[in-house]
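In what follows, a structure is listed as structure tokens, so that the remarks can point back to it.
The values are calculated or read from the model by the stated rules, or taken from the named source; none is laboratory data. Fair warning: this is a prediction, and the values are worked out from it, not measured in the lab. Cβ atoms come from the backbone with ideal geometry, glycine included; neighbour counts cover every protein chain shown.
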Amino acid sequence: MTAPTLDLLAAHPFLAGMDRQQLDRLARWGHRSQFHAGGRLFSEDGKAERFWLIRDGQVALDVHVPGRGDVLLETLGPGSVLGWSWLFPPYRWQFGATALAHTLTVEFDAAGVRQLCEEDPELGRDLYGRFIAVVVDRLQATRLRLLDLYREDRP
Amino acid sequence: MIPQPYRVVERKFETTDTVTVTLEPVGAGIGRWAPGQFTMVYAFGVGEVPVSISGGSCGLIRHTVRDVGAVTHAICTAQPGTVLGLHGPYGHGWELDHPPAEDLLVLAGGIGLAPLRPVVTEALARPGRYRHVCVLIGARQPADLLYTHEYGAWRAAGAQVLVAVDRADPSWRGSVGVVTGLLLQARFAAPRTAAFVCGPEVMMRFAARDLGYLGVPADRIRVSLERNMQCGTGQCGHCQLGPLVVCRDGPVVGWDVAAPLLSVKEL
């Protein structure tokens, strides 16, 4: 594992447009990491101590259903951010996550980033705003899936 | 308006309820067609329905039809040798070259891939015409995906083909989520992209919105509208959508035209 370069963070869509100095401060709490296909990043109800920017590969969010095993809920690919349970108490994962393919990420230490956000409110507002946008986007996507649109499409 | 006789020469199940029929003209046929246009397909003794053209060459025409009613059932179950009637082609198609674009983005949901399939094949038949050809496909579940046997050839021809399903089965190894979620991975330069979108209307609205957020101009986004098309010639008015008669002015229209109409409830 090596420290992420600023360019790596700057190139990731989740951090697009972030001030260079803020990127530099954020980068101190991150490092590159990779996961082989089938590797578990975290499990449901585990401590949410990290989050990841996915650079390449694919990660599945899953939930264990008795009798059905780990049911795949959603996949996240390059350009996505994985993990927001670290933002709020009780800091526990609501779902699990597994790499579906060899996956390259930038992995962040959650406690360090939370501390950074308290010390630098401007950075905190920026970062929390980005996470809220992701949460809203996924909520909208979930609502669309609830509509079961394709069942009613026509020839 | 008189149906031209076409003989079914091939019938292929795409999914459990969706069939592609290949039709050969018995006589002169309906002539040239463009991707995005549709024909009225007549199952003799049952009735007729508008169906987008999903492919064909050298006089052959392919229609991909979902078995949802009496007429579509008659078409889906038509065995090779059966004669169907076609008239058309009708409507405005996708118009690949207007306006000129460097990148082509095709975004299809469910059976919406059918009218976009000829766009993909035509774009890939012209190497170098586009810098990137991205095909984003969404479906309810893996078993509902159309033309899966062609994705490999499209990729081999240079297209970026990304597929997402709403619900995975244990065999699925691809993406799970809404098709618009694939936009993050698609390779295209938004201001210079032509985006063609077809699928359930709500999906098209959200897709067009997301494309707009990414910087694709509204007049470079085209959608294929579905309304109750009955005559195909703009005479009966059944498919009126505000100032548009969809069979004549559509089914493919720019998002700059469609957006204000689709935001009106019950229009």
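The lone criterion from (1) more than 12 Å from every other protein chain (Cβ to nearest Cβ); (2) part of a helix (DSSP H, G or I); (3) small (Gly, Ala, Ser) left unmet by A:Ala97 is number (2). Counting residues in the stretch B:124-145 that are out of contact with any His (no Cβ under 7 Å at 6 or more places or on another chain), in a loop (DSSP other than H, G, I, E, B), touching a residue at least 40 places away in the same chain (Cβ under 8 Å) and closer than 25 Å to A:Val59 by Cα gives one or more.
Counting only residues that are β-branched (Val, Ile, Thr) and facing another protein chain (nearest Cβ under 10 Å), which one in the stretch B:174-231 is nearest to B:Leu86 (Cα to Cα)? The extreme case among them is B:Val202.
Can you find, within the stretch A:100-121, the residue that is farthest from the chain's Cα centre (by Cα) among those that are surrounded by fewer than 20 Cβ atoms within 10 Å (Cβ to Cβ) and not in a helix (DSSP H, G or I)? Per the stated criteria, the residue is A:Asp120. Residues of the stretch B:140-155 being within 12 Å of another protein chain (Cβ to nearest Cβ) and of a type in the set (A, V, I, L, M, F, W, C), which ones? Within the stretch B:140-155, B:Ala143, B:Leu145, B:Leu146 qualify. None of B:Val19, B:Val46, B:Val68 is of a type in the set (A, V, I, L, M), out of contact with any strand residue (DSSP E or B) (no Cβ under 7 Å at 6 or more places or on another chain) and closer than 27 Å to B:Val163 by Cα except B:Val68. Total residues in the stretch B:18-39 satisfying the condition of being at negative phi and touching a helix residue (DSSP H, G or I) at 6+ places or on another chain (Cβ under 9 Å): the figure is 9. Consider the stretch A:74-94 and keep the residues that are in contact (Cβ under 8 Å) with a residue 60 or more places away in the chain and part of a loop (DSSP other than H, G, I, E, B). The one that is farthest from A:Glu49 (Cα to Cα) is A:Gly79.
On the stretch given as the stretch A:21-66, residues that are outside any loop (DSSP other than H, G, I, E, B), in contact with a strand residue (DSSP E or B) (Cβ under 7 Å, 6 or more places away or on another chain) and either without any contact (Cβ under 8 Å) to a residue 24 or more places away in the chain or not aromatic (Phe, Trp, Tyr) (or both) total 20.
Okay, residues lined up against (1) out of contact with any Pro (no Cβ under 8 Å at 6 or more places or on another chain); (2) closer than 19 Å to B:Leu267 by Cα; (3) in the same structural domain as B:Glu122 (by TED's automatic domain parsing):
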site	(1), (2), (3)
B:Gly152	yes, no, yes
B:Pro170	yes, no, yes
B:Val178	yes, no, yes
B:Ala186	yes, no, yes
B:Leu214	yes, no, yes
B:Ser224	no, yes, no
B:Cys231	yes, no, no
B:Arg248	yes, yes, no
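Of the residues making up the stretch B:81-114, those that are outside any loop (DSSP other than H, G, I, E, B) and under 18 Å from B:Cys134 (Cβ atoms) number 9. Can you find, within the stretch B:204-236, the residue that is surrounded by the most Cβ atoms within 10 Å (Cβ to Cβ) among those that are basic (Lys, Arg) and free of Cβ contacts under 8 Å to residues at least 40 places away in the same chain? If we take residues in the stretch B:204-236 being basic (Lys, Arg) and free of Cβ contacts under 8 Å to residues at least 40 places away in the same chain, then B:Arg227 is surrounded by the most Cβ atoms within 10 Å (Cβ to Cβ).
Applying the condition of being of a type outside the set (D, E, K, R) and exposed (fewer than 12 other Cβ atoms within 10 Å of the Cβ) to the stretch A:139-155 and asking which residue is farthest from the other protein chains (Cβ to nearest Cβ) yields A:Leu139. Scanning the stretch B:191-207 turns up one or more residues that are hydroxyl-bearing (Ser, Thr, Tyr) and over 24 Å from B:Thr64 (Cβ atoms). Here B:Arg66, B:Arg11, B:Arg62 are screened, and the one residue that is in contact with a Ser or Thr (Cβ under 7 Å, 6 or more places away or on another chain), modelled with pLDDT of 95 or more and among the charged types (D, E, K, R) is B:Arg62. From the list A:Val136, A:Val71, the one residue that fits, being within 14 Å of chain B (Cβ to nearest Cβ) and outside any helix (DSSP H, G or I), is A:Val71.
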